[in-house]
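K.L.:
Below you'll find the structure I mean.
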Amino acid sequence: MLLAAAALAIVLLAVFIVLRKPIYRFAGWAGPQEASTVLSPVATAPSLYGQGGANALAIYLTDAHSDWLGLAHGLKTIGVPFIVTDRYEEALKHRVVLAYPTISGRLLSREALQALAAFPRNGGTLIGFEILGGGLNEVFGFGDMTASRAHKTLTLTPAFAGRLLEEEAVIPLAGPSGAMPAEQFSVTTGNPVARYDDGSVAIVQRDFGRGRTYAIGFDIGAYLTKAYNGRQDYGRSYINAYESSVDSILRLMRQLYRSSEPLAVTLSTVPQGKSASFIITHDIDYTRSIVNAIRYAEFEKQQGVAATYFVQTKYVRDWNDDIFFNEQGVSLTHRLADMGMEVASHSVSHSRSFAAFPLGTGKEMYPDYVPFVKSQNDTRDGSIFGELRVSRFLLEKAVPEAKVQSFRPGHLAYPFALPQAMQAAGYRFSSSISSGTAMTHLPFQLNVNRENQAETTIFEFPITIEDELQRPMTGRVDAAIDILRHLQAYGGSCTVLIHPDVFDDKFAFLQQFIARAKTMNVWFGTLAQYGNWWSARNGVTLDARRELDGYSLVLNAQQAIQGLAVEVPNGWKLQATENAMQKGNIVYLDLKAGSSYLRFH
Ligand SMILES: [Zn+2]
């Protein structure tokens with residue numbers, strides 16, 4: 001009897017919940033009307049990266065099924081001009097050639113192998129990875145190459161590491177799931193410039209007068225691809241730490257390029273050529289947060305700093321929390337935008353199981369889309385498209401004058417289909433991964449399914465510092481400044497996440513961190529401001545040439561960009577011009593779309 005009464009009570013409660021329709025309805029709001037469609041992925045053609053000046057680094061692509069796209073995205077990020085070609089005649093017109101991923105007698109013609117062998121003798125710099133026969137071992141200065149999966153780290157020698165710090169010269173190659181494949185060299189005429197943890201040689205350099213070779217014992221493209229796709233477990237930290245692995249590799253590549261190409265010009269990674277980028281973000285995923293956010297925003301506005309607010313459009317009452325995206329939520333969101341803050345999406349349901357959500361139909365609309373979080377691990381009726389489309393629709397209804405461009409999932413739950421779904425749903429910028437998982441503090445372009453073949457238009461901005469793992473936050477202001485100092489050495493970006501669920505130590509941390517960062521010549525802005533600048537920069541190509549009376553630099557911009565900076569070789573002096581100025585080796589520019597032309601003597 002008691003049992004029957006209890007059962008009846010449960011049924012009545014269930015009926016009550018259903019009838020109450022625990023969703024907030026905005027009168028007259030229904031959308032988005034237009035459907036989202038993921039195009040079937042087409043592998044990115046190497047020829048997309050086929051154009052560039054003679055001063056560009058050349059990737060001589062010997063296998064299109066390799067991880068060359070990761071390598072290309074890495075070089076884009078660090079600002080080294082490059083071209084990709086599968087023709088050795090084309091590649092060898094450049095002074096720095098990276099033969100990727102394999103040099104072998106089976107893959108390459110006798111003519112190609114001979115031309116590669118002659119290249120360093122004639123003054124070129126040749127970088128190889130997997131060098132399997134073809135008679136080129138001696139050109140690279142080693143006898144044998146042995147594969148192994150036992151190496152845990154690779155350490156650059158101090159001379160080779162150049163400006164990298166001792167800690168930055170150590171690159172982890174192994175994690176709980178094992179080590180990445182690597183090759184060790186028995187050195188003959190070359191010099192070891194990097195070693196594995198067991199002392200065996202990881203990188204060999206050989207000099208030929210002005211020319212040089214490097215044989216690198218691990219696949220840099222594969223390494224970058226794994227890291228960018230969030231598929232590695234080599235990283236030494238998850239978040240709240242400086243994790244330099246990918247950035248060290250990119251800085252090393254830039255150093256090799258600059259030291260071998262007399263006309264090397266590279267793009268800066270920070271707007272206005274400042275020392276580092278500083279992006280403050282707040283996730284609003286709790287009833288109090290949307291109210292508290294106003295005080296955070298008022299403080300930021302008073303500091304002259306625009307921040308990004310990732311707002312969960314919570315119109316469904318569920319296991320997680322009460323509804324807070326209602327009339328009041330909309331008016332508070334609008335106030336954030338009025339204060340100059342970026343309004344971005346933090347999903348609808350903020351589900352822990354988002355990574356396992358189906359893609360959905362691309363036709364999900366408010367108010368029909370009702371994802372329901374039943375418990376920690378159980379969410380009903382959610383889809384990736386529903387979360388992306390409906391949250392964006394509602395935020396753009398709340399702030400009609402703004403475009404919602406950025407997205408961050410709850411709990412950083414990261415579905416494999418997220419990059420292409422974001423693109424299809426109209427987003428541009430993602431902040432979905434920690435810097436420890438991506439092993440980088442620089443933005444990068446995302447691929448379809450977080451794989452290695454097809455790129456999307458989405459850029460990822462990893463999170464370096466968050467607010468939950470170590471409290472009180474005030475205890476780690478010095479540590480945060482220390483991270484920022486490391487990033488200043490190469491123009492890294494520091495994306496900070498603070499939930500405005502409370503003030504306490506979090507607000508105090510923000511006050512102290514901003515006050516100190518302001519004395520450090522860093523660039524402050526929202527994710528969308530940085531993202532728009534970054535994507536315009538991504539569309540800039542350049543070509544430097546020697547002229548009779550100096551040098552010329554032609555920059556091609558797909559769209560206008562303000563506050564671009566380029567680093568030019570020592571001794572170059574900019575001739576007076578309107579939209580550029582030089583300080584040391586850095587030239588600061590505003591570019592209009594199309595070609596711009598600078599002269600140096
Ligand atoms: Zn959240």
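K.L.:
Share of the chain's accessible area from carbon and sulfur, percent, 1.4 Å? Present the calculation step by step, with values, prior to reporting the outcome.
P.N.:
Values: 12570 of 23830 Å².
Taking all protein chains in place, the chain shows 53 percent carbon and sulfur surface.
K.L.:
Right, something else. Compute the angle between helix 2-20 and the longest alpha-carbon principal axis of the chain, please, reported from 0 to 90 degrees and rounded to the nearest 10.
P.N.:
Compared with the principal axis, the helix lies near 70 degrees.
K.L.:
Next up: Quick one: if you stick a label point 7 Å off each Cα along the C-beta vector at Gln512 and Glu547, how many nm between them?
P.N.:
5.4
K.L.:
Something else now. Between Asp482 and Asp63, what length in nm is gained on full extension when 0.36 nm per residue of separation is reduced by their alpha carbon distance?
P.N.:
Working: separation 419, 0.36 × 419 = 150.84 nm, distance 4.13 nm.
My answer for the length gained is 146.7 nm.
K.L.:
May I pose another question? Distances over 18 Å make up what percent of all Cα-Cα pairs in segment 44-120?
P.N.:
Details: 1007 of 2926 pairs.
Of all Cα-Cα pairs in segment 44-120, 34 percent lie more than 18 Å apart.
K.L.:
In addition: Write down, largest first, the equivalent ellipsoid semi-axes of segment 170-295 in whole Å, where each equals the square root of 5 times an eigenvalue of the alpha-carbon gyration tensor. Write out the running numbers ahead of the final one.
P.N.:
Details: eigenvalues 289, 100, 19 Å².
In descending order the semi-axes read 38, 22, 10 Å.
K.L.:
Can I ask one more? Which number do you get for Rg(Cα) / (2.2 N^0.38 Å) in segment 238-384?
P.N.:
Values: Rg = 20.9 Å, N = 147, 2.2 N^0.38 = 14.7 Å.
Normalised by 2.2 N^0.38 Å, the Cα Rg of segment 238-384 equals 1.42.
K.L.:
Then there's this: Using only Cα atoms, what Kirkwood radius does the chain have, in angstroms?
P.N.:
Values: mean 1/r = 0.0389 Å⁻¹.
For the chain, inverting the mean 1/r across all distinct Cα pairs yields 25.7 Å.
K.L.:
I would also like to ask the following. As a test of the definition: which semi-axes, in Å, follow for segment 59-186 when you take the square root of five times each eigenvalue of its alpha carbon gyration tensor? Largest first, please. All intermediate terms of the calculation are to be shown ahead of the outcome.
P.N.:
Values: eigenvalues 125, 68, 51 Å².
Taking √(5λ) for each Cα gyration eigenvalue gives 25, 19, 16 Å.
K.L.:
Then there is this: Considering all projection directions equally, how large on average is the shadow of the alpha-carbon convex hull of segment 243-291, in square nanometres?
P.N.:
Values: hull surface 23.4 nm².
Seen from a random direction, the Cα hull of segment 243-291 projects 5.8 nm² on average.
K.L.:
Can you pull the Kirkwood radius for segment 331-415, inverse mean 1/r over Cα pairs, to one decimal in Å?
P.N.:
Working: mean 1/r = 0.0752 Å⁻¹.
Averaging 1/r across every pair of different Cα atoms and inverting gives 13.3 Å.
K.L.:
What is the Cα coordinate range of segment 97-249 on the first, second and third principal axes, sorted by size from largest, in whole angstrom?
P.N.:
Principal axes ranked by extent give 50, 31, 25 Å for the Cα atoms.
K.L.:
How do 472-482, 89-99 rank on mean C-beta neighbours within 10 Å, highest first? Mind dumping the intermediate values first?
P.N.:
Values: 472-482: 15.4, 89-99: 21.5.
Highest mean packing first, the order is 89-99, 472-482.
K.L.:
Also: Provide Rg and Dmax in Å for segment 104-176, with only Cα atoms included in the calculation.
P.N.:
When restricted to the Cα atoms of segment 104-176, Rg and Dmax are 15.7, 45 Å.
K.L.:
Based on the alpha-carbon gyration tensor of segment 536-601, what equivalent-ellipsoid semi-axes (square roots of 5 times the eigenvalues) come out, in whole Å, largest first? All intermediate terms of the calculation are to be shown ahead of the outcome.
P.N.:
Details: eigenvalues 73, 32, 20 Å².
Semi-axes from the Cα gyration tensor: 19, 13, 10 Å.
K.L.:
Additional query: Roughly speaking, what is the centre-to-centre gap between segment 246-324 and segment 529-601 when only Cα atoms are used, to the nearest Å?
P.N.:
26
K.L.:
Here's something else I'd like to know. Placing +1 at every Lys and Arg Cβ and -1 at every Asp and Glu Cβ, with all other atoms neutral, what dipole size does the chain have around its Cα centre, in debye to the nearest 20?
P.N.:
Details: 54 positive and 56 negative charges, 132 e Å.
For this selection, approximately 640 debye.
K.L.:
I'd like to check one number: the per residue accessible area of the chain, probe 1.4 Å, reported in Å² as a whole number. Don't skip to the end; give the middle numbers.
P.N.:
On the way: 23830 Å² over 601 residues.
Using a 1.4 Å probe on heavy atoms only, each residue of the chain averages 40 Å².
K.L.:
Next question, about the same structure. Pairs to check: Lys76/Lys363; Lys518/Lys573; Lys226/Lys403; Lys274/Lys301; Lys93/Lys152. Give those whose C-alpha atoms are more than 27 Å from each other in this structure.
P.N.:
Values: Lys76/Lys363 35 Å; Lys518/Lys573 31 Å; Lys226/Lys403 31 Å; Lys274/Lys301 21 Å; Lys93/Lys152 37 Å.
Exceeds cut-off: Lys76/Lys363; Lys518/Lys573; Lys226/Lys403; Lys93/Lys152.
K.L.:
Say the dipole of segment 25-179 comes from +1 at the beta carbon of Lys and Arg and -1 at that of Asp and Glu; which of Ala174, Phe26, Ser40 then lies farthest toward its positive end?
P.N.:
So the residue furthest toward the plus end is Phe26.
The values are calculated or read from the model by the stated rules, or taken from the named source; none is laboratory data. The structure presented is a predicted model; accordingly, all values stated were derived computationally and were not measured. Heads up, the Cβs are rebuilt from the backbone with ideal geometry, glycines too, and the neighbour counts pull from every protein chain shown. Accessible surface is based on the protein model in full, side chains and every heavy atom, while ligands, DNA and RNA are left aside. Shrake-Rupley method; radii C 1.70, N 1.55, O 1.52, S 1.80 Å.
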